[in-house]
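K.L.:
The following block contains the structure, expressed as C-alpha cells.
Each reported figure results from applying straightforward, stated rules to the coordinates on display, with no laboratory input. Every value quoted in this text rests on a predicted model; they were computed, and no experiment measured them. All Cβ positions, even for glycine, are placed from backbone atoms using ideal geometry, and neighbour counts span all protein chains on display.
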C-alpha cells in the first residue's frame, strides 16, 4: 500500500468516525424544519458572500504569483478556479494548493516560485485567521468557552511566530541542511521553495496588500457564517461569531478530513454547546458553511469540463 493511499484511508476513517459520532446528536426532524425555514433572501446573501470570498482569494494569490510569471490574468484565474474545484475532493485546506502549484509549474517550469506562492498564500491566510480570533477575543471575551481560550491563544501566537519566520525560510533551511544532504532532490526542492519565499522580503508593499486581503477574506467568512446562522434561526450576537468562527475555520483547514467534513462539525458542536446552541443547529451551521464553499468552487468545474486552455503569453524562462 502506498503512503498516499494509506493517508487517504486515514482521512476517510477520521471523517466517517467523527460524522458518525456527531450525527447521533442530530435530530432529523429539527434539521428539516430549520432548512425549510431558510429564507430565499438569506440564501442569495450567502451565495453573494461566497462569490466575494472567491474573488478576494483570487486577487490575493494573483498578487503573490504575478512577480514570478508572465501567464495572463485569464490563465491564472482559470488555474485558481479549477484547482479550487479539484481541491474539493482532496485533503481539506491543502488539496487545491497542491493542484495550483503543480499547474503553474507545468506551464512555467518554475516549481519553486509556484510552491512559494501557494505557501505564502496559505501562510498569510492562517495569520489572518489568528488576527480575527484575537479581535474576537478582544471584543467578546465572555463569549469564548474557558476550555477553548488557551487553544486559540496558543494557535494565534504560533501562527504569528511562524508568519514572521516564513520570510527567513532560506536561512533556516540552509542551517538545517548539511552540505552533503543538499545534493538530494528533496533538499534541493526545499532550497528552491525557501529561496522563493525569501524573495517576498523585497515585496513589502505586495505582502501588505495580501495581508489586508487575507483579513478581508476572514471577515467575509465570519459574516457568511452569521448569515447562515440567521437562516437557521440562531440568535447569537454577531460579535460572538468573531470568537468561535476563527477556531472552526482553522479546523476546516486541517488536512485531516475529506472535503472539510467530519472534524469541522464536531468542532462546531463543541464550541457552540457552551453558548446554548443545540447539536442539530451547530451541525447544520458547519455543514452549510463547508457545503456553500463547495458551491463556490462550481465555476472551476465548468472551466475544467471545457478542457485545458493554453497560456496566452509565453512563460518566463
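K.L.:
Could you rank the peptides 227-235, 78-86, 241-249, 96-104 by their average count of other C-beta atoms within 10 Å per residue, with the highest value first? Can you show the working numbers first?
P.N.:
Numbers: 227-235: 19.1, 78-86: 23.7, 241-249: 26.1, 96-104: 22.0.
Result, highest mean Cβ count within 10 Å first: 241-249, 78-86, 96-104, 227-235.
K.L.:
Next question, about the same structure. Say R0 is 30 Å: what FRET efficiency, to the nearest 0.05, do residue 301 and residue 171 get from their beta-carbon distance?
P.N.:
Working: r = 42 Å, r/R0 = 1.38.
After rounding, the FRET efficiency stands at 0.10.
K.L.:
Let me ask something else. Obtain the nm distance between the two label points defined at residue 157 and residue 35 by a simple spin-label model: each point lies 7 Å from its Cα along the Cα-to-C-beta direction.
P.N.:
4.2
K.L.:
At 0.36 nm per residue, minus the direct Cα-Cα distance, what do residue 209 and residue 275 gain on full extension? Give it in nm, one decimal, please.
P.N.:
Net length gain for the segment: 20.2 nm.
K.L.:
In nm, give the distance between the simple-model label positions of residue 59 and residue 16, each being 7 Å from the Cα along the Cα-to-Cβ direction.
P.N.:
4.3
K.L.:
Here is a further query. Arranged by the count of other C-beta atoms within 10 angstrom, fewest first, what order do 129, 43 take?
P.N.:
Least to most surrounded, the residues fall as 43, 129.
K.L.:
Using a basic spin-label model with each label point 7 Å from the Cα along Cα→Cβ, how many nm lie between residue 66 and residue 235?
P.N.:
In this crude label model, residue 66 to residue 235 measures out at 4.8 nm.
K.L.:
If packing is taken as the average count of other Cβ atoms within 10 Å, what order do 55-62, 282-289 fall into, highest mean first? Present the calculation step by step, with values, prior to reporting the outcome.
P.N.:
Values: 55-62: 19.8, 282-289: 24.8.
Peptide ranking by packing, descending: 282-289, 55-62.
K.L.:
Please arrange 168, 240 by counting, for each residue, the other beta carbons lying within 10 Å of its beta carbon, fewest first.
P.N.:
168, 240
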